[in-house]
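The next block holds one structure in the form of structure tokens; read it before the comments.
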Amino acid sequence: MWGAGEPGAQGDLPAAGTAGREAMTALIRVPVRTAGTQYEVVVGPGALGELASLIPDGARRAAVVTQEAVGVTVETGLDQERMVIPGGEVAKKLGTVEDLCRRFARFGLTRKDVVVALGGGVVTDVGGFAASVYHRGIACVNVATTLLGQVDAAIGGKTGVNLPEGKNLVGSFWQPAGVVCDTEVLASLPAGEMRSGLGEVAKYAFIGAPGLEELSLPEQVARCVSLKAAVVGEDERETSGRRAILNYGHTLGHALEADALARAAGPVEAAGGVLRHGEAVAAGLVFAARLAFRLGRIDTDRVAYHDRVVASYGLAEHLPPLGDPERLVAYMAGDKKVAGGGLSFVLDGPSGVELVGGIDPVLVTETLAELAREMRSRA
């Protein structure tokens, strides 16, 4: 579909790992500092062994929230109980949170105990949200078992569930007590789930993480984590607009996911649901480039660069069909990131990626229709 190219980015990022691509085996510890909290993200092969050290002192019980398909076990050193939630995106609903909180209560979980969210982004979103509201907030440690979770979903403290009206409309900011990103568990990840994570990695290529392809996998994960940690530290609760850059490609991506879930005829598959998040984000990236071009913010070379980056991560041939543009715009209008006066998108431009508001919905609809025709012609 789109041609291959070199992933890269504007801006710079402090090195997050040890030198030597071949010999890099040491764990990487990335600090996350916000106004009220500080914790570590431990990255690398064997990081699961560090879980017990991240659990707050005084905890006696651990509720291990996971999904059946995760296939990873953990040892907290505490009295622990495994609590399985449904597979796929359908687990992200208020009913799941209520069910978890009731199980916490039956297990005897107290305010001093801990939730361990073991899995991908769905698990860390749901488990983290349940932890944030149970007893008005108990500690949570995220153990990310997917590439998507390790580079994005498990870090930064945003938790939430979906409503029929849109993605992540009910949630909280609740920073974890620590995060484990054991890169060894990625070896057994299905190709589709690995590709979904690469959709988020591709996003980082535009917001400040150049040269990821030259690094070992643990270093790639750590550099993405470092960038997200820096942004979260500057704008934990999305008050300054800085954190919005982490949503690059996500406004359309979330609309595609919400639309796919609404139109699903049967049970959602455990592995990836009806549409994998990273593939939806990749579509959002190529769309955002075209919208920025129509607004005069970037030129055709920069649009082509977006296409090359997406293709270089093997995502171009897996972009989802766009469907009805007007229906997607309706979902975007209900997105929590664009509510409050017209459509807003994170877009590339002369000053880099930034939040742009007041965009005419007609222009968005036209750009979606244009991209859909382009995708069909190249399929």
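Treating the beta-carbon of each Lys and Arg as +1 and of each Asp and Glu as -1, no other charges, what is the dipole magnitude of the stretch 242-378 about its Cα centre, to the nearest 20 debye?
220
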Based on Cβ point charges of +1 for Lys and Arg and -1 for Asp and Glu, what charge dipole magnitude is obtained for the stretch 28-234 about its Cα centre, in debye rounded to the nearest 20?
680
Leading residue at positive end of dipole, the stretch 242-378 (Cβ point charges), from Leu322, Tyr248, Val309
Tyr248
Computed, not fitted: 222 nm per-residue ellipticity of the chain from DSSP H runs ≥ 4 (each -39500 (n - 2.57)), nearest 500, equal to -12000 deg cm²/dmol
For Val64, the residues 5 or more places away or on another chain with a placed amide H closer than 5 Å to its own amide H are Glu81, Arg82, Met83, Val116
Quick one: 3J(HN,Hα) in Hz for the stretch 370-379, Karplus 6.51/-1.76/1.60 with θ = phi - 60°, rounded, Gly and Pro as x.
5, 5, 4, 5, 5, 5, 5, 5, 9, 5
GNM top mover of Glu213, Glu354, Glu193 - the chain, alpha-carbon springs below 10 Å
Glu213
Given charges of +1 on the Cβ of Lys and Arg and -1 on the Cβ of Asp and Glu, with all other atoms neutral, how large is the dipole of the chain about its Cα centre, in debye to the nearest 20?
860
Taking the DSSP beta bridges in the chain as the whole, what percent of them are antiparallel, to the nearest 5?
40
Cα-Cα longer than 21 Å, checked against Lys167/Lys203; Lys92/Lys112; Lys93/Lys167; Lys92/Lys203; Lys93/Lys158, kept in input order, equals Lys92/Lys112; Lys92/Lys203
Please give the helix 94-107 orientation as an angle from the longest Cα principal axis of the chain, in degrees from 0 to 90, rounded to the nearest 10.
10
Given Met375, Asn162, Gly278, which one lies farthest toward the positive end of the charge dipole of the chain, if we put +1 on the Cβ of every Lys and Arg and -1 on the Cβ of every Asp and Glu?
Asn162
The equivalent-ellipsoid semi-axes of the stretch 242-378, taken as the square roots of five times the Cα gyration tensor eigenvalues and listed largest first in whole Å, are 22, 18, 14
I'm spelling it out carefully: the read-out is volume of the Cα convex hull per residue in Å³, the candidates are (i) 325; (ii) 126; (iii) 236, and one was derived from this structure. Which label?
(ii)
Packing-wise, with mean Cβ within 10 Å as the measure, how do 229-235, 300-306 rank, highest first?
229-235, 300-306
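Only the coordinates and a few stated rules stand behind these numbers; no lab work does. Worth saying up front: this structure is predicted, and the values here are computed from it rather than measured. With ideal geometry, Cβ positions are generated from the backbone for all residues, glycine too; neighbour counts draw on all protein chains shown.
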